[in-house]
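The values are calculated or read from the model by the stated rules, or taken from the named source; none is laboratory data. Since we're looking at a predicted model, the values are computed, not measured. Cβ coordinates were reconstructed from backbone atoms using ideal geometry, including for glycine residues, and neighbour counts include every protein chain displayed.
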Protein chains: 2
Amino acid sequence: MRHIEIYDTTLRDGAQSEDMSFSVEDKLRISQKLDFLGVHYIEGGWPGANPKDLLFFKEAKKLSLKTSKIVAFGSTRKANHKVSFDPTLQSLLHAGTEVVTLFGKSWNLHVKDVLGVPLKKNLELISDSIAYLHSKGKRVFFDAEHFFDGYLADPDYAILTLGAAEKAGAACLILCDTNGGTMPWQVKEIVKAVQKEVKTPLGIHTHNDAEVAVANALMAVEAGVSQVQGTINGLGERCGNANLTSILPNLKLKMQFDCISDEQLSHLQEVSRFVSEIANLSPNKYQAYVGNAAFAHKGGVHVDAVRKNARTYEHIAPEKVGNKQRILISDYSGRGNILEKAKEYKIPLAPDHPRVREILHQLKDLEGQGYQFEGAEGSLELMMKKAIGGYRRFFKLVGFRVIVEKRKEEETPISEATIVVDVNGQIEHTAAIGNGPVNALDTALRKALQKFYPSLSEIKLLDYKVRVLAAQDGSASKVRVLSESGDGHIKWGTVGVSENIIEASWQALVDSIEYKLLHDEEV
Amino acid sequence: MRHIEIYDTTLRDGAQSEDMSFSVEDKLRISQKLDFLGVHYIEGGWPGANPKDLLFFKEAKKLSLKTSKIVAFGSTRKANHKVSFDPTLQSLLHAGTEVVTLFGKSWNLHVKDVLGVPLKKNLELISDSIAYLHSKGKRVFFDAEHFFDGYLADPDYAILTLGAAEKAGAACLILCDTNGGTMPWQVKEIVKAVQKEVKTPLGIHTHNDAEVAVANALMAVEAGVSQVQGTINGLGERCGNANLTSILPNLKLKMQFDCISDEQLSHLQEVSRFVSEIANLSPNKYQAYVGNAAFAHKGGVHVDAVRKNARTYEHIAPEKVGNKQRILISDYSGRGNILEKAKEYKIPLAPDHPRVREILHQLKDLEGQGYQFEGAEGSLELMMKKAIGGYRRFFKLVGFRVIVEKRKEEETPISEATIVVDVNGQIEHTAAIGNGPVNALDTALRKALQKFYPSLSEIKLLDYKVRVLAAQDGSASKVRVLSESGDGHIKWGTVGVSENIIEASWQALVDSIEYKLLHDEEV
């Protein structure tokens, strides 16, 4: 079985993504996670370009990594610098990694228009820089920037740049589709042509500007390269880099190459989520293999078939990448989906019960108003129990008032909530302040109820999302609040919709509390 | 030049996407936009499965489309129905389209496990159904569901299903990678093999479960198919269908095939945004070709190179797909980006001015707090003018109070805002109610200021987005508000960040008003 080396550049090229900025601490945490996933190389950053990156290399030495090697990245020397005085090369040595990746120009246009040096001079820059780092005991990978564009413009020159790197001692020549515009069959042909000219192992680094980055990386592997570069979730400048969360399962499950273990692959979704979390980006639910929707079935026909045999609409077993099958509730749903959910929630419901149709209607109506239960199954369960049985009230709202007051331009406003609830005839009136109006209301409500239901102190709000629906109505738009709560044992999601964000949040808060109390009673 | 037919299934397969639900009106509007883009076929829905879809076909007849033909979609007859009594076939006739697409099973596993009929019987279902529709004057396309999985499991049987459709009069045989798990080289090999067995033109329909849907469609075109099916923005069940917004430019700009005109292609971004808008999904900014980030440059090295020659980091000219180059402001930015922006905002700023560094620091600091100027250049311009000159105050806040009060469980709360502002020493005290607290505050502020600045009545809030940052802090999390305003002439975006949503909204509102007043003065 051929072995493929996985080279992760989430921390360097991935950090070039719009909206992205990693702290040193973020980078260290991601490095540990990448090691856990089993990638072979972690490109940690560009020590010459960024003082933050230099600090990272210092701290990264303290990590005890099992499989991954940290790699420093930088450019070939400047034309007017000697290698021993070139700040980039010196900072690369200073980073103290065993492996260094050096990028250089392979496209005559770049040599001319960006470097502004003669073509021959560029070959010297490549050769000098690699030979110097090699002489200092480094394993050097050569990133041939814009290799495919360069090859199409002037194949002989592009090959000369690889030859210069090879002769200077590069351990791997990485062919980069830096602008991401190359087509899959071109990648294959060019890799094949390169293999006739150089003996050093090849790598592939692709970008997604034509939405074929993953295919391009795989085509190169088919053609014989032994190293694949990419990022978790395809993060990266412009349209992103080749996505390792798709490349890894494709290599292992479709092409049967050896890269990471089956056990490591089964944590793929977890690693993907972790990086989204650290990057503070919402996970892409439609993402191949690891997205929440990747094995979700909605249309009635599909749901029926999948219940008979999962292979009918699933290209792999979702568990292999740590994902799972989901049956969606939506207005495309049929009775089957409702019955499936009732079973899951342990609500007794005969297939021919008239309530099944009623619940479907109610769902459709709520979805029309903007509710969405796909991330808020706690609210769905409550709604179904309200319709069929198994629900009871724990408290009634008499009223609340939330006040946000700003008394000086430069000060944050003060938020205060007062609330009156009725618990089995007993009236409780409390007040609380908070960081904002929702937090004040949340705090006041729990304060009022905890006296009666002490277990509410276990609830922790884990996630709180606001989505503006139909944003064209400006500040009068409807909003949907999705909240996720946990009590240390289980987690549940709830939803609220209103033109008033306080009301939408209130609905989600009340559902969250009722869900907890109902479940405590059932246990 | 070979001609490729474009078959759009946004309204049918795209509507299977999680979170998606199109009204009849939505479908009609999207149809007109697809016709404007120049696709050849618009799959409008499944009239047999959904009464909403039947209504669509009725209404769609009233559209005057220039290039697109509306297509009805459905399955082959049920095993126990005669063609003339099969409800699906009858509803397809009833839809009244010139072209009908019929899907049937090509994978022995599906015939056995889902249809539950003998393999031979399935061939009859295909053949009878197509022959029947053909005899009624329809042009019939045959969607060979799961063709690639079927071919890998039993190539002879998969080819037999195509043969049955061909013999019955199908005008095009579409090879579907329904589960989305096929690799690009497999698609090419299998298309080549099929071409040896049938004479009817072939089509390709792929899904993105392995993140290679676009590449798979292009490989099939390379191998000789003449019809490509896909959806706008790659909408579709699970991980989505092949994305036409990537396939179209790849076909035209990379492969030089004839499909839509250059002029039509230059509206690609507009069509992509339109569909996102109707689908009520935020556009994916990293999307190839049409995303906001697709031609955005952030790293200092790239920005410098792109300023010298755009081709250095752009695989196509963005204008060809209606997109444009963007230079991003972020902590990866250098002085060059700031100077570029100053020029854009017509702020006089010498390259060596000490304020350039100050602005960079301030930006970095604000970004650390959660501000983001990439969608809020109005706030960026104000910040730069505050630092360099060209800014003045139009009013001061003395104080505001927002009250949200709920007096009954089943009622929406009432929101009221009171505000005191000081305009050149004149104190104005007003109050307003609104749909929610932000709307009340927005209304009160404008009411207070319009007396002094009547042009504020031209401002319309076009978009209002709330993003929870670091959601793990629950209801006490920081939020970022991005608002977009317009006055009929120009549009501008502003931003606010706070743990208090009212305060974050307030910052964005104030910036929006100040931006308008400053620009009015400059004109």
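Values for this structure:
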{"read-out": "Filter result for the condition that a residue is of a type in the set (A, V, I, L, M, F, W, C) and free of Cβ contacts under 8 Å to residues at least 12 places away in the same chain, over B:V523, B:V466", "value": "B:V523"}
{"read-out": "Scope segment A:270-302; condition among the hydroxyl-bearing types (S, T, Y), crowded, with 24+ Cβ neighbours inside 10 Å and closer than 22 Å to A:R29 by Cβ; matching residues", "value": "A:S272"}
{"read-out": "Hey, B:A376 within 26 Å of A:A440 (Cβ to Cβ), crowded, with 18+ Cβ neighbours inside 10 Å and within 37 Å of the chain's Cα centre (by Cα) or not", "value": "no"}
{"read-out": "Of all residues making up segment A:109-136, the number that are away from chain B (no Cβ under 14 Å) and either of a type outside the set (D, E) or under 17 Å from A:A72 (Cα atoms) (or both)", "value": "17"}
{"read-out": "Answer residue from segment A:306-329, given it is part of a loop (DSSP other than H, G, I, E, B) and among the small types (G, A, S) and is farthest from the other protein chains (Cβ to nearest Cβ) among those", "value": "A:G322"}
{"read-out": "B:Q264 being touching a residue at least 12 places away in the same chain (Cβ under 8 Å) and in a loop (DSSP other than H, G, I, E, B)", "value": "no"}
{"read-out": "Members of segment A:191-217 found to be surrounded by 20 or more Cβ atoms within 10 Å (Cβ to Cβ) and among the aliphatic types (A, V, I, L, M), listed by number", "value": "A:V191, A:V194, A:L202, A:I204, A:A210, A:V212, A:A213, A:V214, A:A215, A:A217"}
{"read-out": "Every residue from segment A:389-434 that is farther than 22 Å from B:T412 by Cβ and touching a residue at least 60 places away in the same chain (Cβ under 8 Å)", "value": "A:G390, A:Y391, A:R392, A:F394"}
{"read-out": "Those residues of segment A:365-419 which are over 16 Å from A:L518 (Cα atoms), touching a helix residue (DSSP H, G or I) at 6+ places or on another chain (Cβ under 7 Å) and among the small types (G, A, S), in sequence order", "value": "A:S415, A:A417"}
{"read-out": "B:Q450 more than 10 Å from chain A (Cβ to nearest Cβ), more than 27 Å from A:S485 (Cα to Cα) and out of contact with any helix residue (DSSP H, G or I) (no Cβ under 6 Å at 6 or more places or on another chain)", "value": "no"}
{"read-out": "Looking only at segment B:351-365, and only at residues there that are touching a residue at least 24 places away in the same chain (Cβ under 8 Å) and among the aliphatic types (A, V, I, L, M), the one that is surrounded by the fewest Cβ atoms within 10 Å (Cβ to Cβ)", "value": "B:L360"}
{"read-out": "Failed criterion for B:A288 (all others in (1) among the small types (G, A, S); (2) touching a strand residue (DSSP E or B) at 6+ places or on another chain (Cβ under 6 Å); (3) more than 17 Å from B:V39 (Cβ to Cβ) hold)", "value": "(2)"}
{"read-out": "Residue count, segment A:279-302 (criterion: within 11 Å of chain B (Cβ to nearest Cβ) and modelled with pLDDT under 85)", "value": "8"}
{"read-out": "Filtered residues of segment A:218-241 (kept if at the interface with chain B (Cβ under 9 Å from one of its Cβ atoms) and either surrounded by 24 or more Cβ atoms within 10 Å (Cβ to Cβ) or under 16 Å from the mean Cα position of the chain (by Cα) (or both))", "value": "A:L218, A:M219, A:G234, A:L235, A:G236, A:E237, A:R238, A:C239, A:G240"}
{"read-out": "Which numbered condition B:S246 misses (of (1) assigned to a loop (DSSP other than H, G, I, E, B); (2) closer than 23 Å to A:G14 by Cβ; (3) of a type in the set (S, T, N, Q))", "value": "(1)"}
{"read-out": "Residues (under 21 Å from A:A242 (Cα atoms), away from every other protein chain (no Cβ under 14 Å) and not aliphatic (A, V, I, L, M)) located in segment A:184-210", "value": "A:P201, A:G203, A:H205"}
{"read-out": "B:A440 touching a residue at least 12 places away in the same chain (Cβ under 8 Å), more than 8 Å from chain A (Cβ to nearest Cβ), under 24 Å from A:S483 (Cβ atoms) and among the aliphatic types (A, V, I, L, M)", "value": "yes"}
{"read-out": "Some residue of segment B:22-34 being buried (at least 19 other Cβ atoms within 10 Å of the Cβ) and among the aromatic types (F, W, Y)", "value": "yes"}
{"read-out": "Test: residue in segment A:215-236 that is in contact (Cβ under 8 Å) with a residue 40 or more places away in the chain, assigned to a helix (DSSP H, G or I), of a type in the set (G, A, S) and outside the structural domain of A:T200 (by TED's automatic domain parsing)", "value": "no"}
{"read-out": "Those residues of segment A:173-193 which are in contact with a strand residue (DSSP E or B) (Cβ under 8 Å, 6 or more places away or on another chain) and either in contact (Cβ under 8 Å) with a residue 60 or more places away in the chain or acidic (D, E) (or both), in sequence order", "value": "A:I174, A:C176, A:D177"}
{"read-out": "Test: A:G44 is in contact (Cβ under 8 Å) with a residue 24 or more places away in the chain, of a type in the set (G, A, S), touching a helix residue (DSSP H, G or I) at 6+ places or on another chain (Cβ under 6 Å) and more than 30 Å from B:L363 (Cα to Cα)", "value": "no"}
{"read-out": "Tally, over segment B:418-465, of residues that are aromatic (F, W, Y) and within 32 Å of the chain's Cα centre (by Cα)", "value": "1"}
{"read-out": "Filter pass, B:S498 being among the small types (G, A, S), over 29 Å from the mean Cα position of the chain (by Cα) and in the same structural domain as B:V421 (by TED's automatic domain parsing)", "value": "yes"}
{"read-out": "Hits in segment B:22-36 (condition: in contact (Cβ under 8 Å) with a residue 60 or more places away in the chain and among the basic types (K, R))", "value": "B:R29, B:K33"}
{"read-out": "Flag for A:V468 being facing chain B (nearest Cβ under 10 Å) and out of contact with any strand residue (DSSP E or B) (no Cβ under 7 Å at 6 or more places or on another chain)", "value": "no"}
{"read-out": "Matching residues in segment A:17-48 - criterion: being more than 15 Å from the chain's Cα centre (by Cα), at the interface with chain B (Cβ under 10 Å from one of its Cβ atoms) and under 27 Å from B:A288 (Cα atoms)", "value": "A:W46"}
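Residue-wise test of (1) away from every other protein chain (no Cβ under 12 Å); (2) aliphatic (A, V, I, L, M); (3) buried (at least 17 other Cβ atoms within 10 Å of the Cβ); (4) more than 30 Å from A:L441 (Cα to Cα).
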position	(1), (2), (3), (4)
B:L382	yes, yes, yes, yes
B:K385	yes, no, yes, yes
B:R392	yes, no, no, yes
B:I414	no, yes, no, no
B:V421	no, yes, yes, no
B:T430	yes, no, yes, no
B:G434	no, no, yes, no
